[in-house]
1. Based on the Cβ-Cβ distance from Lys238 to Ser275, what FRET efficiency comes out when R0 is 41 Å, to the nearest 0.05?
2. Per the helix-only calculation at 222 nm, which mean residue ellipticity applies to the chain, given -39500 (n - 2.57) for every DSSP H run of n ≥ 4 and division by its residues, nearest 500 deg cm²/dmol?
3. Taking the DSSP beta bridges in the chain as the whole, what percent of them are antiparallel, to the nearest 5?
4. Could you state the number of Å between the C-alpha centres of region 202-234 and region 110-165?
5. Rounded to whole Å and sorted largest first, list the principal axis extents of the Cα atoms in the chain.
6. At 7 Å along Cα-to-Cβ for each site, give me the label-to-label distance between Ser54 and Ser289 in nm.
7. Just check region 248-406 against the gyration tensor rule for me: Cα atoms, a ≥ b ≥ c as the square roots of the eigenvalues, rounded for a/c under 1.5, and otherwise prolate or oblate depending on whether a/b exceeds b/c.
8. Under unit Cβ charges (Lys, Arg +1; Asp, Glu -1), what dipole magnitude, rounded to 20 debye, does the chain have relative to its Cα centre?
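Nothing in this text is a laboratory measurement; each read-out follows from the coordinates by a stated rule. The structure presented is a predicted model; accordingly, all values stated were derived computationally and were not measured. Positions of Cβ are backbone-derived with ideal geometry, glycine not excepted, and every protein chain shown enters the neighbour counts.
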Amino acid sequence: MSNKKTLIISYYWPPSGGVGVQRWLNYAIQLKNLGWEPIIYTPENPQFEIQDESLLERVKDIRVIKTSIWEPFQFFHRITGNSNRKNVQQGLVLEKKTQTLRDKLFVWIRGNLFVPDPRKYWVKPSVRFLIKFLQEENIQTIITTGPPHSMHLIGLGLKKKANISWIADFRDPWSQWDILEKLNTGSWAMRKQRKLESSVLKSAGKILTVSPHLQKSLAELGGGDRVHLQYNGVSEIKANEYPTSEVLTIGYFGMLNELRNPSELWGVLDEMASSMKMDLRIGGVVAESIREEILSFSNLGKCTNFLGYLSHEEVKNEYAKCQILVLLLNRSNNAKWILPVKFFEYLAAKRWMLALGPTGSDLEAIAKEVATFGMMEYSDKTNIRNFIQKCRQSNPDFSSSQNLLDRFSHANLATELEQILIEING
């Protein structure tokens, strides 16, 4: 095809940090390497607290266009003097053991008035702006990625007004997203969520998603055979020499909230730390209740390092210090659908992986051939302890990881994405 311009509509883009930015940052880079011209459309003034300036260097050659966004919680922050800004931005208000009346009101408003999400007010201005932009740039293909799922409503609006090819990318579920229950979403709001989701699934030319279970769900909700599996994948991460220190170093990196709090693991580690040297390293945003729980253990509390938010480069350096990397699936009904970006990074780091979550998950299925991977239920303290002991006593063999690393490299996966782009444009 002659025109290889593609507009990617994403709320998250550097300097935004966290997992939400990684998928299309990497795919945009790979598409450019394949001769495409990815153009990113993102808000000029997004409301996110987690920033990673180091990512800007990786995407310096990617063209980005921005327009201003108004988000309702800009007003909320002003009237509360920014006192709750960090908890609101990072979702930790949902995890507070004792919510104030203001907290409860915020949660209800978020779950019932801002459908599909608080970024809904950027949809109409974006459609008006992009209609003209698409014509001026002769862009025939757009990709929307959510959450936030309002990005898909921009795609829906453009599809109604312009002769374009549209790919809708789902990094998480929409109407079946476990967060909606935490937001106390009522029946009226849920009906509206499902109606909007159905419109997107029926109108998009192709639908991408990240795991087999989610692919099946979106197909049944209206996507049919237009739903394609496009894994998150992995970019090159240097696998440092495996540490042989007598100190058992265990790392967890990412959001740590009540949806994935491994209380049973903390108990096992506290017991083991009474008879061995241990270093538990936790990087990322941690709910205060979980921090307090860990520190309440007499042994574990003394050997835990809370590192705070780390840049992507700093996280990779932390991987090198660890013998065991912990991966947590949510304690929720759709946890089997989750195939985290972090799994692919851990795979590339070549360390033991301890994953906690439901058996029969997509994660367990994809990693079953990896000799250094262990998947257990949260409550299975005996096997959790046995796996950690195995990690201490065995020399790890990471050769079984290489096939998966080759299969899920962003470079290889981008060629599959390119074929979808070619197909949707005829």
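1. Step by step, r from the Cβ atoms, then E = 0.75.
2. -12000 deg cm²/dmol
3. 0
4. Region 110-165 and region 202-234 have Cα centres spaced 19 Å from each other.
5. Projected onto its principal axes, the Cα set of the chain covers 67, 52, 39 Å.
6. Going by the 7 Å Cα→Cβ label model, 3.2 nm.
7. The shape class here is rounded.
8. 1400
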